[in-house]
Amino acid sequence: MMRMLKTAALAALAIHLASGLAFAQEKLTMWSRSSSEAFMPPLIKAFNAAHKTQIELQIVPTAEMVQKYAIAAAGGSAPDLLSLDLVYTPAFAASGQLEDLTELAKSLPFFAHLSKAHVGAGSYDGRIYGLPMSADASVMLWNKKLFRQAGLDPDKGPTNWAEIEQYAGKVNAIGGDIRGFYFSGACGGCNAFTFMPLVWASGGDILVDGGKRATLNTPQMRDAIALYRGLVEKGYVPESARTDPGANFFGGFATDKVGMSPIGAFAIGNLVKNYPNVEFGVTFLPGKTGGKASFAGGDNFVVTAGRKKMEAVREFLTFAYSLEGQTLLAKLGSLPTRGDIAAEAVKSLDQRYLVATEAMAIGRTPSSPVYNDIINSSTGPWKQMLNEVFFGKDVEGSLVKAEKTMQSIIDQSGK
């Protein structure tokens, strides 16, 4: 009997060790877009070094990610995990390609502190399919050196649209190739990121009723357009902005020849590291008479449908949302996505990041399964409208047409 018990015990031990070895050797595959190459590989490396679960990361060119994942998911060869541009989460959720993370998400003790914009964009039909992975927030930069030359207070950024116009005019008056303001006029995505918040901060919106109704032709939108048109017509914006598809989104400000530029918080680290001679301040994107708003960009963490390894997923998310994980991400270029420890995560960085973390906390992201078709697409209504209303003649006609087209695309997607 004792021999039998010993044999059984040894067998049980062998099974336990084998299962432990299998768990130790278990690997999850993950894709991340190339725009996150500065911080995702180090995050995964740090996780792998401290955990039994191992993640094999593949970097995919940003421009190829959506199509590559769609094809892989349809063909059964998708990775287990994905760091996906958050605006595309509803589309993949609607098509049944993502695992429902609702129970896991709500069981996380810090769930209430995760970026609400990311969770909102990661939700579809009342369920959660995406959680915050990385983040950026839109802010306003101003050039302190040019402000000083223009006779302005170099430590005070604009707090409303009248100040934007006033400060841009004074900087522009310096002369030469100095201009007061910059935006990429032919970039739909850039202007979603930096122009929409002007409307939001003024009480307007772009999509309402859960993303089912387009609201472009509003007083707030018309006022925001009038602001940009005025800056253009007065010569405060470089002529090159008209055709810039986003290639000079950051470079316009980095030249030290632009007074103000609405941009992403990513620019803070880039300027500090690569353009140390540019003196700059960071503030919020304001509404017409005050207030503030921000577009929350970045990636959501999603799991391919059918992959049920939720304990391993929890293990990774717990690390990514820990102070160690959030600090590592912040140091390498992503804003923290967990609000209750955001200030702690950036405390060793440039103090201007504190404004960015506040912008992240109030950040918003429009959520729609057809976001790409209505906003990002180069032939979509948002992109077409912007070029016409900023630089063309028929603002009212362009707004009416864009809203009608956008609504038609939304309605078609629901059929």
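Quick look at the values:
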quantity	calculated
Partner aspartates and glutamates for Lys45 [C-alpha distance under 12 Å; skip if fewer than 8 residues away on the same chain]	Glu56
Amide H within-cut-off set for Ala137, under 5 Å, with H built and near neighbours excluded	Ala265, Phe266, Gly297
Positive dipole terminus of the chain, leading residue within Gly333, Phe181, Ile55 (C-beta point charges)	Ile55
The range 286-368 shape via C-alpha gyration tensor axes, a/c threshold 1.5	oblate
Distance in nm between pseudo-label sites at Glu239 and Asn274 (7 Å out along the Cβ direction from Cα)	2.7 nm
Loop-located trypsin sites (Lys or Arg not before Pro) in the range 201-291, at most 15 other Cβ atoms within 10 Å (DSSP)	Lys212, Lys234
Which labelled figure in [x] 62, 57, 46; [y] 62, 53, 48; [z] 97, 51, 32 is Cα extents along the principal axes in Å, once derived from the coordinates	[z]
Two-site label geometry, Lys156 and Asp340: point separation in nm, points 7 Å out along Cα→Cβ	3.9 nm
Over 22 Å (Cα to Cα) - which of Lys116/Lys404; Lys68/Lys106; Lys116/Lys212 fall in this group	Lys116/Lys404; Lys68/Lys106
Assigned charges on the beta-carbon of Lys, Arg, Asp, Glu; the chain dipole about Cα centre (debye)	500 debye
Computed magnitude of the charge dipole of the range 139-281 (debye, nearest 20; Cβ of K, R +1, Cβ of D, E -1)	80 debye
Euclidean distance between Cα centres, the range 188-262 to the range 294-331, Å	31 Å
18 Å Cα-Cα reach of Lys170 towards lysines, excluding residues that sit fewer than 8 places from it in its own chain	Lys144, Lys145, Lys156, Lys234, Lys257
The range 19-129 - charge dipole about Cα centre, Lys and Arg +1 at Cβ, Asp and Glu -1, debye rounded to 20	200 debye
Calculated SAXS-style log₁₀ I(q)/I(0) at q = 0.14, 0.19, 0.23 Å⁻¹ - the range 182-286, Debye, Cα scatterers	-0.60, -1.03, -1.33
FRET efficiency, Glu26 to Glu324 (Cβ-Cβ, R0 22 Å, nearest 0.05)	0.50
Rounded Å value of the spacing that divides the Cα centres of the range 395-415 and the range 154-180	35 Å
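Taken together, the values in this text are just the output of simple stated rules run on the coordinates, not laboratory data. Remember, it's a predicted structure, so these values are computed and weren't measured experimentally. Using ideal geometry, Cβ is built from the backbone for each residue, glycine included, and neighbour counts are taken over all protein chains shown.
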